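The values are calculated or read from the model by the stated rules, or taken from the named source; none is laboratory data. Treat the numbers as computed from the prediction; the structure is a model and nothing was measured. Because the Cβ atoms are built from the backbone with ideal geometry, glycine has one as well, and the counts that use them run over all protein chains shown. Accessible surface areas use protein heavy atoms only, side chains included; no ligands, DNA or RNA. Shrake-Rupley method; radii C 1.70, N 1.55, O 1.52, S 1.80 Å.
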Amino acid sequence: MASDLRLVEAVKATLGEEMARDESVVLYGEDVGVAGGVFRATDGLLDEFPNRVYDSPLGESGIVGAGVGLAAAGMRPVAEIQFQSFLYQGFAQLQQHASRLRSRSRGGFSCPITIRTPYGGGIHALEHHSESFESGFAHVPGLKVVIPSSPAEGKGLLAASIRDPDPVVFMEPTRLYRSLRESVPDDDHVIPLGEATVAEEGADVTVVAWGSMLQRTLSAVDDVDADVEVVNPRTIYPLDTDTITESVKKTGRCVVVHEAPETAGFGAEIVSRITETAFYHLEAPPERVTGYDVPVPMFAREDAYLPDEKRIAAGIRRAVET
Amino acid sequence: MPRTTVAEFSVESLEILAPDGSVDEDLEPSLSEETLFDIYRTMRRARRLDERAVALQRRGELGTYAPGTGQEAAQVGSAAALAEDDWVVPAFREQAALLTRGASMGSILAYAMGLEEGAETSAEDRALPPAIPVGSQALHAVGIGWAQAIRDEDAAAIAYFGDGATSTGDVYEALNSAGAYGAHTVFLCQNNQYAISTPRENQTRAGTLAQKAVAAGIDGIQVDGNDALAVYEATQRALDQAREGNPVLVEALTYRRSMHTTSDDPRKYREEEEEVDWDRKDPIARFEAYLRGRGILTDERVEELAAEIEAELEDAVADARETAAEADPADMFEYAYAETPPWLERQAAASRGGGDADGE
Ligand SMILES: Cc1ncc(C[n+]2csc(CCOP(=O)(O)OP(=O)(O)O)c2C)c(N)n1
Ligand SMILES: [Mg+2]
């Protein structure tokens, strides 16, 4: 059986299922209890699991740091950071402790915390509500970074993240929360971490895109006179290099699309891997279509910052026409 | 060795105007009629600006907006106590404080339209742009107040933040480091009873927020934040102390009468009854009753003022729309660095040309 769900509904359903499945799962974060979360991703869960859903005091360092302790004591903390920008307030705990509790204790401890956080632009939000720092999180050894690009992926990847023995930053694209409906399996649905998927097959050029950029890429492809293969990594770290490499070996050309700034964005890592693994198959320089190297502008200028269909199509054309 | 008490503390609370507008004459500050009227006028301007902003947001002209409705006395009363050279370090709900300091309604609306133009400030304005990351700005007020101490200047800085912010590490660090540095800093905490949906009593077990000053070794006082006179008086004294290198935390007890922001629905987490209860303690009604009692305000003057505010609002909306119409998206490249790095120049050029970031 399956239900037609939006991403935010799929997240909520999965949280409920994982809590039912594993008693050690606890949910907490700012406004996640009584109000059900600012995006309503936890709506109703406090009623369903009265002693396992907590409204936390304000403070992201506290949320992440307490999660390290919960995990050390055998719980499976699932924390919500209200917007990804505020995970910077918890970054020290993430980088210094959550990510390396396992290695520092030589495997004596693990830190199976899942940090869910809405991210990305395109919803006309306030300043500091539109960022995409996946490359920063991916740069922290010991962390996993997961980004669903559809409701069904939301379910499958969140279930895998909560069950994963290591800390996961689970980034939910705000732009997709309600804009997309999809059939989502009702029963256990787990998408293993570290496995990319080919969203559209093609022979001429490989485009790698995730989050809300995947949808934009899929519609930009219609405007391009080429047979485009679109790869959705689903897990940013650990990256499924093989799937991307195979695709590029087949097409000989590649474009990476992301909304984060170009410099040191995750596109840089993907392009490096491609040059290492498929160099002799490349027929054109890899292309990047990304946000610019400026702080994400406030929303009046957001459309000029975020890659749109036009910029994506132009990037694909450059790769194909070279 | 016996057990002894090595520290004890108490927290004072100040109220000068009762909710019915009657005044405690022993405590009444001696303010000129002009200052009193200005406080009233700015509170009214802020209230109408909120109403208009919410209406504009509902029509899709503004983005998310955080009304300060109900908190006008806490903001205007405190900002009115500042000297010209003092600094304001706002959070994101400080429209009333900013208006008191001379910001235009047009710039406030422009900010809410998602335009950086609305946050344009400099050292001359003695104000930092709004700070959305909760609590973060308290430390900036420490640095500003510390600079005054280092240079042996007289100015002070006031940091605005909410009850929720007092749970953040940044605010704890700010209170503590202000004391350690002897910074000229006043912390104005508007305890409006909620951090989005989280009520004050779930935020902390502390009986007052003012007492958070105690652990930092600085003074803390609670005031009735819906009483503009008490807020003015307490802030004035706090500023005097701060100028001497003794920072103070002022907890203004108030109520967020409206939604958290235009994306929020308070019915999810609080009862209408509670809101009605606080309506009766409204800061503007109380202050108006006081001014009428003193003969400073008449029906005629109130009407005149209302008309002035409508005219100001019309101009402000027009100004903000003009700013929006003139906004150049490529501006985003201009202020990232003093000197734009070459790679960023290429991106800027590509964004104007509509495509190739490699400049090929
Ligand atoms: C560091 C950080 N975490 C979370 C948020 C999301 N957020 C915005 S306002 C708010 C509540 C703030 O409450 P309070 O400090 O009482 O100020 P008020 O909104 O009542 O003015 C939260 C959680 C944020 N902006 N910054
Ligand atoms: Mg508050």
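A few remarks follow.
- Residues in the range B:241-270 that are more than 12 Å from ligand 1 (Cβ to nearest atom) and within 14 Å of chain A (Cβ to nearest Cβ): B:262, B:265, B:267, B:268, B:269, B:270.
- Candidate set from the range B:129-160 (those that are assigned to a loop (DSSP other than H, G, I, E, B) and away from chain A (no Cβ under 14 Å)); member that is surrounded by the most Cβ atoms within 10 Å (Cβ to Cβ): B:156
- Evaluation of residue A:91 against (1) in contact with a Ser or Thr (Cβ under 7 Å, 6 or more places away or on another chain); (2) closer than 15 Å to residue A:142 by Cα (one fails), failing number: (1)
- Of B:183, B:159, B:147, all but one fail to be touching a strand residue (DSSP E or B) at 6+ places or on another chain (Cβ under 9 Å) and either under 25 Å from residue B:72 (Cβ atoms) or within 16 Å of ligand 2 (Cβ to nearest atom) (or both); the exception is B:159.
- Checking each residue in the range A:224-252 for being assigned to a loop (DSSP other than H, G, I, E, B) and crowded, with 23+ Cβ neighbours inside 10 Å picks out A:233, A:234.
- Candidate set from the range B:52-71 (those that are surrounded by fewer than 22 Cβ atoms within 10 Å (Cβ to Cβ) and aliphatic (A, V, I, L, M)); member that is farthest from the other protein chains (Cβ to nearest Cβ): B:55
- Looking across the range B:88-99, the residues that are touching a residue at least 40 places away in the same chain (Cβ under 8 Å) and out of contact with any Leu (no Cβ under 8 Å at 6 or more places or on another chain) come down to B:91, B:93, B:94, B:96, B:97.
- Qualifying positions in the range B:186-219 - within 14 Å of another protein chain (Cβ to nearest Cβ), open to solvent by 30 Å² or more (accessible area, probe 1.4 Å) and either more than 16 Å from ligand 2 (Cβ to nearest atom) or among the charged types (D, E, K, R) (or both): B:201, B:205
- Residue list for the range A:151-201, filter: farther than 18 Å from residue A:37 by Cβ and acidic (Asp, Glu): A:153, A:164, A:166, A:182, A:186, A:187, A:188, A:195, A:200, A:201
- Boolean, residue A:47 is assigned by TED's automatic domain parsing to the domain that holds residue A:101, among the charged types (D, E, K, R), farther than 25 Å from residue A:150 by Cβ and surrounded by fewer than 23 Cβ atoms within 10 Å (Cβ to Cβ): yes
- The residue list B:320, B:325, B:311 contains one member that is modelled with pLDDT of 95 or more, among the small types (Gly, Ala, Ser), surrounded by 14 or more Cβ atoms within 10 Å (Cβ to Cβ) and within 29 Å of the chain's Cα centre (by Cα), which is B:320.
- Single residue of the range A:118-132 satisfying the filter (within 14 Å of another protein chain (Cβ to nearest Cβ) and open to solvent by less than 10 Å² (accessible area, probe 1.4 Å)) that is farthest from the chain's Cα centre (by Cα): A:121
- Among the residues making up the range A:278-287, a single one is surrounded by 21 or more Cβ atoms within 10 Å (Cβ to Cβ) and at the interface with another protein chain (Cβ under 9 Å from one of its Cβ atoms): A:287.
- For residue B:356: the one exception among (1) open to solvent by less than 70 Å² (accessible area, probe 1.4 Å); (2) modelled with pLDDT under 95; (3) part of a helix (DSSP H, G or I): (3)
- Within the range B:75-98, tally of residues that are open to solvent by less than 10 Å² (accessible area, probe 1.4 Å) and either over 10 Å from the mean Cα position of the chain (by Cα) or at positive phi (or both): 3
- Counting only strands (runs of 3 or more DSSP E) that sit completely within the range A:152-215, those holding 3 or more residues that are buried (at least 17 other Cβ atoms within 10 Å of the Cβ) correspond to A:168-173, A:205-209.
- From the options A:268, A:260, residue that is of a type in the set (Gly, Ala, Ser), in contact with a Lys or Arg (Cβ under 9 Å, 6 or more places away or on another chain) and touching a residue at least 24 places away in the same chain (Cβ under 8 Å): A:268
- Single condition residue B:118 does not satisfy, out of (1) crowded, with 23+ Cβ neighbours inside 10 Å; (2) away from chain A (no Cβ under 12 Å); (3) not hydrophobic (A, V, I, L, M, F, W, C): (2)
- Among residues of the range A:260-275 being more than 14 Å from every other protein chain (Cβ to nearest Cβ) and touching a helix residue (DSSP H, G or I) at 6+ places or on another chain (Cβ under 9 Å), the one that is most open to solvent (accessible area, probe 1.4 Å) is A:269.
- The residues listed here are A:87, A:58, A:45, A:27; of these, the one that is within 16 Å of ligand 2 (Cβ to nearest atom) and closer than 30 Å to residue B:267 by Cβ is A:58.
- Verdict on residue B:178 being assigned to a helix (DSSP H, G or I), more than 14 Å from chain A (Cβ to nearest Cβ) and either surrounded by fewer than 19 Cβ atoms within 10 Å (Cβ to Cβ) or within 16 Å of ligand 2 (Cβ to nearest atom) (or both): no
- Across the range B:170-198, the qualifying residues are those that are out of contact with any helix residue (DSSP H, G or I) (no Cβ under 7 Å at 6 or more places or on another chain) and more than 10 Å from ligand 1 (Cβ to nearest atom), and the one among them that is nearest to residue B:139 (Cα to Cα) is B:172.
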